[in-house]
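To start, the structure itself, in C-alpha cells.
The values are calculated or read from the model by the stated rules, or taken from the named source; none is laboratory data. As the structure is a computational prediction, the values presented were derived from the model and not from experiment. Counting neighbours? That spans all protein chains shown, and the Cβs are built from the backbone with ideal geometry, glycine included. Note: areas computed on protein heavy atoms with side chains; ligands, DNA, RNA excluded. Shrake-Rupley method; radii C 1.70, N 1.55, O 1.52, S 1.80 Å.
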Amino acid sequence: MPLERLAFHGLRNLQVVDLTPGPRINLFTGANGSGKTSLLEGIHVLGMGRSFRARQLRHAIAHDADAMTLHGRVAGEPAMAIGIRRHREGGELEMRLAGERLERVSRLVETLPLQLINPDAFRLLEGPPAGRREFLDWGVFHVEHGFLDVWRRFRRALKHRNALLRHGRMTDASLDAWEQELVHWGDRLDGMRRDWTESFVPVFEDTLAELIALPGLTLRYSRGWDRKRELADILRDARATDCQMGFTQQGPQRAELGIRLGKRPAVEVLSRGQQKLVVSALKLAQGRLLEQVTGRTCIYLIDDLPAELDLEHRRVFCGWLERMRCQVFITSVDPDALAGLWQPDTQVAMFHVKHSESGQGQLLPLDRQTS
C-alpha cells in the first residue's frame, strides 16, 4: 500500500513538511545538504522505528526542536494513519497505528514494508554477516507469519545458554533444558530461512540478469553449523570450548548468506558500479518475492539513484521500478540525471528541496508530470 500523505515536524534541517506523494515515482532533487536524504530518513523511521543515519533517534531531531513528530497515511479502505514521536530529553519512542498505541516496532515493519538503497546498502556485500542475516530475516518475516515468534524463542534460549556459559553455572540439567529449547527453535528458524532462500534465489537471478550480466555469481545460504551434524550433538560436544569463549559458537545466530563470484567473495571482484547493481538486485528481488507470495508491495527509498551508474544501467533500473508497480522515493542532485528514462505513461511526482533563508530545507512541489 502506498503512502498518500506525509507530515514531518522537527526532523533535522527540514522545515515543516506536509506532502502528498504520488502513488508511483517520487523524485526529489536539490543541492547536497538541502534535506533530500532527511525526507527518506523520515519515511524510514515511520516504517522501521529507527534511522539509517544515526544510532540514536534523538540525533535526527532538529537542533531548535524539543521533539520530532512524524505522521503518515497509508492508502487503503480505510486508510491507515501511522505516527511517531520522539522527545529529545528522555522518554520512549511513541508509536501509533490507526490510533492505537504500539508497544512493538514489528507492527510498523509489517504495515509499511520498506527497502532502502543507499551507500550503506553496500554493507550487504562488504560488511559482516549480521547485515546479511538481517536482510534474510526481513524477507522471512514478511512472508512467514510464525517467524517472529520462532525468532524470539530462539533468541531467548540462546541468551539463557550464553548466560550459563559466562557465569560458570554449567550444570548438566540446566544446560540440557536450554539446549533442548535452542535446538527446537533453532531447527525451525533454519527451516524457514532455508525455504525462503530457495524461493528467493531464482527471483534474484532473474532480476540481476536484466540489470547486469555477471555469470558465475552465486547466492548460498549457510545455516551456521556443520550441515552434516545435528545441532544438539554440536552443542553438547562444544560445551567446554563454549564455556571458555563465553558464548555459543555455532547455531542459527551464525547463519550467513554468501555472495560469491566464482570461488571468491563478490566484493573482492566487482567494481563499485557492479556492486551497486548486485545490491539493488537483492533489494528489488526481495520486493518482487514479497509481492508474489503476499500480493503486497514494498516502498522503495533510493538515495542518489544515479550515483555510480551509467545512463544505460539507470534506464534498466528505472524499468524494473516501473514494472513492479510500487511506490518509490528517489533523490538526485542532478535534476536531469533521470530525465527521459521513464515510459510515457509513468506518472512522476517531482519535488525540489532547497535551502531557505533560515538555512532549513524547504520542499517545493513541481508540476506533476508524465515523463
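Among the residues of segment 116-128, those that are open to solvent by less than 50 Å² (accessible area, probe 1.4 Å) and touching a residue at least 40 places away in the same chain (Cβ under 8 Å) comprise LEU116, ILE117, ASN118, ALA121, PHE122, LEU124, LEU125.
Listed by position, the helices (runs of 4 or more DSSP H) enclosed by segment 163-274 that each have at least 2 residues that are within 22 Å of the chain's Cα centre (by Cα) are 172-211. Kindly indicate whether VAL353 is of a type in the set (A, V, I, L, M, F, W, C), open to solvent by 40 Å² or more (accessible area, probe 1.4 Å) and modelled with pLDDT of 85 or more. Criteria not met by VAL353. None of GLU181, GLU198 is open to solvent by 50 Å² or more (accessible area, probe 1.4 Å) and in contact (Cβ under 8 Å) with a residue 24 or more places away in the chain except GLU181. Checked against the criterion of being farther than 19 Å from ARG5 by Cα, open to solvent by 50 Å² or more (accessible area, probe 1.4 Å), at pLDDT below 95 and assigned by the TED database to the domain that holds GLY22, segment 79-86 contains not a single residue that satisfies it.
Remark: ALA157 falls outside the filter, which requires a residue to be hydrophobic (A, V, I, L, M, F, W, C), modelled with pLDDT under 95, over 30 Å from LEU270 (Cα atoms) and in a helix (DSSP H, G or I). For segment 202-224, the condition holds for at least one residue, the condition being that it is among the aromatic types (Phe, Trp, Tyr), at pLDDT 95 or above and out of contact with any Gly (no Cβ under 9 Å at 6 or more places or on another chain). Of all residues in segment 279-298, those satisfying the criterion of being over 19 Å from LEU124 (Cβ atoms) and in contact (Cβ under 8 Å) with a residue 24 or more places away in the chain are GLU291, GLN292, VAL293, THR294, ARG296, THR297.
Taking the criterion of being farther than 17 Å from LEU112 by Cα and among the polar types (S, T, N, Q), the residues of segment 272-289 that qualify are GLN274, GLN275, SER280. Taking the numbered list (1) within 24 Å of ARG223 (Cα to Cα); (2) surrounded by fewer than 18 Cβ atoms within 10 Å (Cβ to Cβ); (3) in contact with a Leu (Cβ under 7 Å, 6 or more places away or on another chain) in turn, GLY273 passes all entries but (1). Please tell me if VAL16 is β-branched (Val, Ile, Thr), assigned by the TED database to the domain that holds PRO365 and in contact (Cβ under 8 Å) with a residue 40 or more places away in the chain. Judged against the criteria, VAL16 is not a match.
Hey, can you tell me all the residues within segment 16-36 that are open to solvent by 60 Å² or more (accessible area, probe 1.4 Å) and farther than 24 Å from THR297 by Cβ? Within segment 16-36, VAL16, ASP18, ASN32 qualify.
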